[in-house]
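Before any comments, here is the structure.
The values are calculated or read from the model by the stated rules, or taken from the named source; none is laboratory data. Because the structure is a prediction, the values reported are computed rather than measured. Positions of Cβ are generated from backbone atoms using ideal geometry, with glycine treated the same way; all protein chains shown enter the neighbour counts.
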Amino acid sequence: MLTVIAFYTLAAVAIASAVMFVIARDLILAALWFPLVFYSIVGLNVLLGAELLGVFMVFFSLIAAIGLFLLSVFALGGDPSLFIARLRVYDRQLRLMGGILFVEVVLILGHLFSRSDAVPVQPELSHGVTDQAADMSVFTGTQLIALVGAVLVLMTAVIGAISLTSRRRNALQEPDFLDVLYKQGAGGARAGASRREPRG
Amino acid sequence: MQSIHAVGGVGLEAYLALAAVLFVLGLLGIVANRRSAIRTLLSLELMLLSVNINVVAFSAHHGDLVGWVFTLVIGLVAVAECVIGFAILVCIYRLHGTTDVTDVSMLKG
């Protein structure tokens, strides 16, 4: 029963947050609604018995949040208090989101604690595959190749992103000084020629 | 028609319906806010998350682990896509002073 309540609560929160994310005019507010959708979906994964997946998703989202926080702080001149002061504008919404997140966590914990003495949550997984075996096989089976490949893609992307963002402005923004001089000279010569033409 | 077993106490169709609704909302997010690149990226993430729900639900339904691994791979690739996307956005912001994608018309013929 608790699982059903948790599912409908998480689903309602996910849909409502997604709607708020789409209709919010303020971009920062829209971005603040997005984690609520994300964590609701993590909760749904836990309800489906994929706790390991939920842990991974929370781990990645925390890393992403820390990265975005640092990026925002550096963009504001390296002062965290500036960033926090700007977030204070959304104090009411943040409190609402925190409350919803708390309810979700309580529901998921209730589901996790109540399922040990109840009927198996995943009757299908009981065909010889237990949760523990499932968790271990991800790290030992042939699926490891796919995971390593994805991690390599992620590492390449991170290195590419760092090199992209740390690059100085390119030639479009800062043209070569000699090139500018050449163009000015050519322009000047052309201007001079056009000035001279009427005389000739 | 084959009967749908309950997944985690809830029918599989409920998970599929939820994933469909989230996918449509993500699509709406892209279509309705075409100007903002950040919102487009996050809407893409929303669509990928809805696909993840489908994959995990089917994985639990069939008792197959491949779905979980597939979801992990999708998640990692989504993170990589987001990282690259935001790096490109930072470059665009440095060049143009805005993240409005309609202002970026350097590649227009």
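Would you please name the residue that is nearest to the other protein chains (Cβ to nearest Cβ), looking only at residues in the stretch A:39-48 that are in a helix (DSSP H, G or I) and touching a Phe, Trp or Tyr at 6+ places or on another chain (Cβ under 8 Å)?
So the residue we want is A:Leu47.
Residues of the stretch B:53-84 being touching a residue at least 12 places away in the same chain (Cβ under 8 Å) and either surrounded by fewer than 19 Cβ atoms within 10 Å (Cβ to Cβ) or more than 7 Å from chain A (Cβ to nearest Cβ) (or both), which ones? Reasoning before the result, please.
Of all residues in the stretch B:53-84, those touching a residue at least 12 places away in the same chain (Cβ under 8 Å) come to B:53-61, B:67-68, B:70-71, B:74-75, B:78, B:81-82.
Once the filter is applied, which keeps residues that are touching a residue at least 12 places away in the same chain (Cβ under 8 Å) and either surrounded by fewer than 19 Cβ atoms within 10 Å (Cβ to Cβ) or more than 7 Å from chain A (Cβ to nearest Cβ) (or both), the stretch B:53-84 yields B:Asn54, B:Val55, B:Phe58, B:Ser59, B:Gly67, B:Phe70, B:Ile74, B:Ala78, B:Glu81, B:Cys82.
Identify, from the list A:Leu94, A:Leu36, the residue that is over 19 Å from B:Gly26 (Cβ atoms), part of a helix (DSSP H, G or I), among the aliphatic types (A, V, I, L, M) and away from every other protein chain (no Cβ under 11 Å). Can you show your working first?
Values: A:Leu36 fails: over 19 Å from B:Gly26 (Cβ atoms).
Going through A:Leu94, A:Leu36 in turn, just one is over 19 Å from B:Gly26 (Cβ atoms), part of a helix (DSSP H, G or I), among the aliphatic types (A, V, I, L, M) and away from every other protein chain (no Cβ under 11 Å): A:Leu94.
Is it the case that the stretch B:33-44 has a residue that's modelled with pLDDT of 85 or more and facing chain A (nearest Cβ under 7 Å)?
yes
Name, by its number, the condition in (1) of a type in the set (Lys, Arg); (2) assigned to a helix (DSSP H, G or I); (3) under 24 Å from B:Thr40 (Cα atoms) that does not hold for A:Arg25.
Answer for A:Arg25: the failing condition is (2).
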